[in-house]
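Everything below concerns the one structure shown next.
The values are calculated or read from the model by the stated rules, or taken from the named source; none is laboratory data. Being a predicted model, the structure only gives us computed values, none of them experimental. Methodologically, a virtual Cβ is constructed for each residue, glycine included, from the backbone with ideal geometry; neighbour enumeration extends over all protein chains shown. Just so you know, the surface numbers come from the protein's heavy atoms only, side chains and all, with ligands and any DNA or RNA stripped out. Shrake-Rupley method; radii C 1.70, N 1.55, O 1.52, S 1.80 Å.
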Amino acid sequence: MKRPIRVLVAKPGLDGHDRGAKVIARAFKDAGMEVIYTGLRQTPEQIVEAAIQEDVDVIALSILSGAHNTLFPKIMNLLKCRGAEDIMVIAGGIIPDEDIPFLKSVGIKEIFTPGTPTSKAVEYVIENVKV
Amino acid sequence: MREVDLENLLLKRDKRAIAKAITMAENGDTKVYEMIKNLYNNTGKAYVIGITGPPGVGKSTLTNEIARFLLKDNNSVGILAVDPTSLFSGGAILGDRVRMSDIALDENIYIRSMGTRGKLGGLAKATRASIHILDIVGMDYIIVETSGVGQSEIDIVKASDTNVMVLSPDMGDDIQAIKSGIMEIGDIFVVNKSDREGADKTAAEINFMLDLNSKSNWRPPVLEVSALYRKGCDTLLYKIKEHRHYLEKTGGLKERRLKNLRWEILEIIIDNLMKDLSEKISQENIDELINTEYAGLTNPYMIAESIYKNLKEGFK
């Protein structure tokens, strides 16, 4: 039986708005996925806990504040501590190109920068999650 | 995860194991039913609270407040929050957690968002199995928050011990209030957002309606609450406990659970029948029959009768 992919769309840190997160959440939903949205200003602990309790296949992080180099490694670390490193993590938002190699080195699978069509992110998830 | 490991981890209330088990139930993985069967002796201890009402009345915020109070009293709490699945894409936005972030990290809580996945009635297909799972792991309370309901989604009453119907001020005139359906299934009525104008009037209307149809010895109380400003939630919790005592004292709890069990058994049988049916008869089957064997016939009764007769033969 085909099951829906479950995605947690999460906003770590102190961003003031979440329009981008909502747009991408909507795109995932329209592609037939179950999207759990947790709202603004989430700590890495909250995000990892939600991902585990919701048993998601993917965590999609959206960040605009510039704190990605601090927050993303924390999230990856916590996932490892909880034995949940099988959850795929992708990210999007205002992330400078020069930070991408570091973020990938800590385990973020793919990063979508401004201007990427939502369909790209959707395709990436469908291709990389086994259902 | 192997099933044996999963069973052991469940009994240790491991959150990842709970999550995996609920996923299995959601995806119709039959191994989870074997597990529930094995561990069913552990059920019956959790008290199930239903939170239901139309969209946007504040069910999630209220659920959060009730859970906060229960946690403060050293209870463990499982929350199942249901939101609708799109009929068109099969996808869903499950946003109930947004209102629950302040309790989500408590070690005595487990919160799960569920899409309805085509099930009507306010619950998801796997909600009942998930209630059993949370019961097995030893949650003291299970709060089931339905998807936003209209006038006929009342499945929650068949799955809960105490059902809280949440409304908000100015929800409609007296006529709306006497309508059957959701107005008949509250053990407790809450007029949330009581900081807004019209709360007294809505409460008065509900009270009037309840006075007309009070047949049982439990007269549902009507409470004005503001979940956002945390006003009246303590009274609500007190009333939930009062209802529980009432049920336990009068034997009503046993009766209600028996009734719910009957519903559940029937539902499982119907589910299985539907599964068998959909294997035997698909949209394409019907199209084919319409175009060939029954070509020229437009009468749905004749076609249906004929198909049904064949099916019945098949079941024998």
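A compact table of results
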item: Å³ per residue enclosed by the Cα convex hull of chain B; result: 176
item: Probe 1.4 Å, protein heavy atoms only - accessible area per residue of chain B in square angstrom; result: 51
item: Helix axis angle, B:300-315 relative to chain B longest principal axis, alpha carbon, degrees; result: 90
item: Whole-angstrom Cα spans of the protein assembly as shown along principal axes, big to small; result: 70, 65, 46
item: Subset of A:LYS11/B:LYS158; A:LYS120/B:LYS193; A:LYS74/B:LYS72; A:LYS104/B:LYS15; A:LYS22/B:LYS275 violating a 31 Å alpha-carbon distance limit; result: A:LYS11/B:LYS158; A:LYS120/B:LYS193; A:LYS22/B:LYS275
item: Efficiency of FRET from Cβ geometry, B:SER152 and A:ASN69, R₀ 60 Å, rounded to 0.05; result: 0.70
item: For region A:6-48, accessible area per residue (1.4 Å probe, heavy atoms of protein chains only), Å²; result: 37
item: Relative contact order for chain B, counting Cα pairs under 8 Å that sit 6 or more residues apart, in percent; result: 17
item: Modelled FRET efficiency - R0 25 Å, A:ASN77 with A:ARG41, Cβ distances, 0.05 increments; result: 0.80
item: Solvent-accessible area lost in complex, 40 Å² minimum, residues of region A:22-37 relative to chain alone, 1.4 Å; result: A:LYS29, A:GLU34, A:VAL35, A:TYR37
item: Convex hull projection area averaged over all views, chain A, Cα basis, nm²; result: 7.2
item: In Å², nearest 10: area of B:GLU267 left accessible to a 1.4 Å probe; result: 40
item: Cα-only Debye scattering, region B:184-250: base-10 log of I(q)/I(0) at q = 0.13, 0.28, 0.29 Å⁻¹; result: -0.38, -1.24, -1.27
item: Inter-probe distance in nm under a simple model that places probes 7 Å from Cα toward Cβ, at A:PHE102 and B:ILE286; result: 5.9
item: Where A meets B: accessible area buried, both sides, 1.4 Å probe, Å²; result: 2300
item: Solvent-accessible area lost in complex, 50 Å² minimum, residues of region B:104-140 relative to chain alone, 1.4 Å; result: B:LEU105, B:ARG117
item: Pairs beyond 29 Å (Cα-Cα), from B:LYS215/B:LYS254; A:LYS109/B:LYS20; A:LYS29/B:LYS231; result: A:LYS29/B:LYS231
item: Gaussian network model of chain B, Cα within-10 Å springs - most flexible of B:ASN192, B:ASN75, B:ASN38; result: B:ASN38
item: Heavy-atom accessible area order for A:HIS68, B:HIS132, largest first, 1.4 Å probe; result: B:HIS132, A:HIS68
item: Per-pair calculated FRET efficiency, R0 = 41 Å: B:ASP195 and B:LYS254 via Cβ, rounded to 0.05; result: 0.55
item: Charge dipole (debye, nearest 20) of the protein assembly as shown; +1 at Cβ of Lys and Arg, -1 at Cβ of Asp and Glu; result: 780
item: B:MET171 accessible area, 1.4 Å probe, all protein chains in place, Å² to nearest 10; result: 70
item: Degrees between helix B:59-72 axis and first principal axis of chain B (Cα, 0 to 90, nearest 10); result: 60
item: Cleavage-rule hits (GluC sites (Glu not before Pro)) in region A:71-114: DSSP loop, at most 16 neighbouring Cβ within 10 angstrom; result: A:GLU85
item: Antiparallel DSSP beta bridges within chain B, percent to nearest 5; result: 5
item: Region A:60-131 - percent relative contact order, Cα under 8 Å, separation 6 or more; result: 34
item: Percent carbon-and-sulfur accessible area, the protein assembly as shown, ignoring ligands, DNA and RNA, probe 1.4 Å; result: 53
item: Student exercise, chain B dipole from Lys, Arg, Asp, Glu Cβ charges, in Debye to nearest 20; result: 860
item: Placed amide H near A:ARG3: partners under 5 Å, 5+ positions off or other chain; result: none
